[in-house]
Amino acid sequence: MALQANGVAFSLLHRRKPLSVKAVASENVSTLPGEEEKVKLGGSDLKVTKLGVGAWSWGDTTYWNDFQWNDRKLKAAKAAFNASIDSGINFFDTAEVYGAGITGEVNSETLIGSFIKERQKAGPVDVTIATKFAALPWRFGRGSVISALKSSLSRLGLSSVDLYQLHWPGIWGNEGYIDGLGDAVEMGLVKAVGVSNYSEKRLREAYNRLKIRGITLASNQVNYSLIYRIPEKNGVKAACDELGVTLIAYSPIAQGALTGKYTPENPPTGPRGRIYTREFLTKLQPLLNRIKDIGQNYGKTSTQVVLNWLICQENVIPIPGAKNSEQATEFAGALGWKLKDPEIEELRSLAAETQPVTGFPVEKL
């Protein structure tokens, strides 16, 4: 899940010995998502599950986890990782600034690396890893991208990653960063490259700059959910569809607000409580009630309905964040079925009555 609004702090990891992960084909088990639930990421050759798992919260103490990380939460995150794979979801999205960041030991990338290593003890692991480069103000040029990528690989314990993304547009310019992505592909350090929080204009610029080198821009990761449909209004979704760039949707369940877990009497804690206030949740109730009703008709939860709604938009891969195995297993239940068109439009209409919350500021750059 990518960085979102309202004061998300960066905190930043130590190096690990590289570990190669052998990719193997998923077994086609009737109760699990199979190859039919995988799609190509944009115009690249990389195939991923139609739904991934965001690892923003893993190790984080600045936005999630009530500002603390402990062994219990570590075990829960590991269980979420394993449950995702067991459920047929093997696409994990992280970033160098998730968790303790690039200066700490308990970092999302580091945790994923340890989870992979532990899982490998039972045999080859079918896993697809995406991570991101932080366009920090003191980083300049294409060399900074390669340097950061190599550090991420070290923390992950991998020799390459499947998808490497620019986390947000650079303040001082983006040409060098885009060139760095191209270099990463040509060096064999990544299978596909993407961007995140890119406007339509910046998306097209990145796409064209890579195209000159014969390299495909695979994805643009942006804030997108039933109640945050700015990508539909600012041209990003249309541009992704036109260019064949997959839209990866972070915060697809609105950080839990669309799950039905929170009510005006029981709002979320921490920073989310300042976004999804009692007043906001009160106005959201008619939509949440309808989502629940539709879910009951399918034997699905509200979470599975709103994730399926995004998948039904086509060319969209949601990456909800899983804190534990129960959440990870629930997410997988969003696959293998489809909302009816009238239901899709009804939810869109109801959601239009809700004023969207503020997104990550760089979306407007």
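Each Lys and Arg Cβ is given +1 and each Asp and Glu Cβ -1; about its Cα centre, the chain then shows a dipole of about 720 debye. What the Cα atoms of the stretch 35-364 give is an Rg and a Dmax of 18.9, 55 Å. For the stretch 96-176, a simple Cβ point-charge model (Lys and Arg +1, Asp and Glu -1, everything else neutral) yields a dipole of about 120 debye relative to the Cα centre.
How much length is gained on full extension from Lys75 to Ala122, taking 0.36 nm per residue of separation minus their Cα-Cα distance?
Values: separation 47, 0.36 × 47 = 16.92 nm, distance 1.79 nm.
Answer, rounded to one decimal: 15.1 nm.
Starting from the Cα gyration tensor of the stretch 290-340, take the square roots of the eigenvalues, sort them a ≥ b ≥ c, and report rounded, prolate or oblate (rounded when a/c is under 1.5, otherwise prolate if a/b is larger than b/c, else oblate). Oblate.
For the chain, adding -39500 (n - 2.57) for each run of n ≥ 4 DSSP H residues and dividing by the number of residues yields -11500 deg cm²/dmol at 222 nm.
Computed over the alpha carbons of the stretch 184-275, Rg followed by Dmax gives 16.7, 55 Å.
Derived scalar couplings between HN and Hα for the stretch 133-149 equal 8, 8, 7, 5, x, 8, 9, 10, x, 5, x, 5, 5, 5, 4, 5, 4 Hz in order, rounded to whole Hz, by the Karplus curve 6.51 cos²θ - 1.76 cosθ + 1.60 (θ = phi - 60°), x for Gly and Pro.
Amide H to amide H, with H built 1.01 Å from N, Thr128 comes under 5 Å of Phe91, Phe92, counting only residues 5 or more places away or on other chains.
In order along the stretch 339-346, the phi-based Karplus estimate (6.51 cos²θ - 1.76 cosθ + 1.60, θ = phi - 60°) of 3J(HN,Hα) comes to 5, 6, 3, x, 6, 4, 6, 5 Hz; Gly and Pro are listed as x. In debye, nearest 20, what is the charge dipole magnitude of the stretch 227-342 about its Cα centre with +1 on Lys and Arg Cβ and -1 on Asp and Glu Cβ, if you could check? Dipole of the stretch 227-342, to the nearest 20 debye: 320 debye. Taking only the Cα atoms of the stretch 246-365, the radius of gyration and Dmax are 14.1, 42 Å.
Each residue of the stretch 265-279 was assigned a 3J(HN,Hα) from its phi angle through the Karplus curve 6.51 cos²θ - 1.76 cosθ + 1.60 (θ = phi - 60°); the sequence is 7, 9, x, x, 8, x, x, 5, x, 7, 8, 9, 6, 4, 5 Hz, with glycine and proline shown as x.
Between the alpha-carbon centres of the stretch 42-64 and the stretch 327-345 there is a gap of 18 Å. Pair-distance distribution P(r) for the stretch 138-231, from all Cα-Cα distances in 10 Å bins starting at 0: 16, 49, 27, 7, 0 percent. In this structure, the amide hydrogen of Phe133, modeled 1.01 Å from its nitrogen in the peptide plane, lies closer than 5 angstrom to those of Gln165, Leu166, His167, counting only residues at least 5 positions away or on a different chain.
Each value in this text was obtained by applying a stated rule to the coordinates, not by laboratory testing. For clarity, every value in this text was computed on a predicted model and none was experimentally measured. Methodologically, a virtual Cβ is constructed for each residue, glycine included, from the backbone with ideal geometry; neighbour enumeration extends over all protein chains shown.
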